[in-house]
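These notes concern the structure reproduced below.
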Amino acid sequence: MGKSEWQIETGRSYLLIFQLDPTHFGEPMDIHEAQKVIRDDNASFIDHVLAAGILSTTKETPLDDLLVCLKRGGLMAEMAACTLYNRTKRERAKGEPFVMDLDDWTRYLKLNEGDRLGQPPT
């Protein structure tokens, strides 16, 4: 198993622990803290995973924050991509993998959701 595969599996394990017991790693993160953590290059991998999990599951998260999760790659990008597909109703062919490319999503959002970038969903 390569490093990125290990990080994804480890991240999924931590996320499951967090979902079962949000206080396991200390005080639960709120959306404002998650927004800061996902942008912090010095934050730990698990903090990035937890922040991406919160941002991907909080309805008030602006689309810009999900793009930052995409930029992190790996599990953070997977969670953000799922949320972006759900929020934007972007179509994909059955069985086709999720697009997790930051540039692709940025172009798509500018064309289809330009006025919503940086704004919480309505």
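Tell me the net charge near ALA77. Cut-off is 10 Å between Cβ atoms, ALA77 excluded, with +1 for each Lys or Arg and -1 for each Asp or Glu. Could the numbers behind the result be given before it?
Details: positive: LYS71, ARG72; negative: GLU78, ASP101.
Charge balance near ALA77 sits at 0.
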Taking a crude spin-label model, label points 7 Å out from Cα along the C-beta direction, the LYS94 to CYS82 distance in nm is 2.1
So, with points 7 Å from each Cα along the Cβ direction, the TYR108-HIS32 label distance in nm works out to 3.2
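Just want the ordering: LEU66, LEU75, LEU109, from fewest to most Cβ atoms lying within 10 Å of their own Cβ.
Ascending Cβ contact count within 10 Å gives the list LEU109, LEU75, LEU66.
Read the figures in this text as sums done on the coordinates, not as results from a lab. Since the model is a prediction, treat every value here as computed from it, not as a measurement. Positions of Cβ are generated from backbone atoms using ideal geometry, with glycine treated the same way; all protein chains shown enter the neighbour counts.
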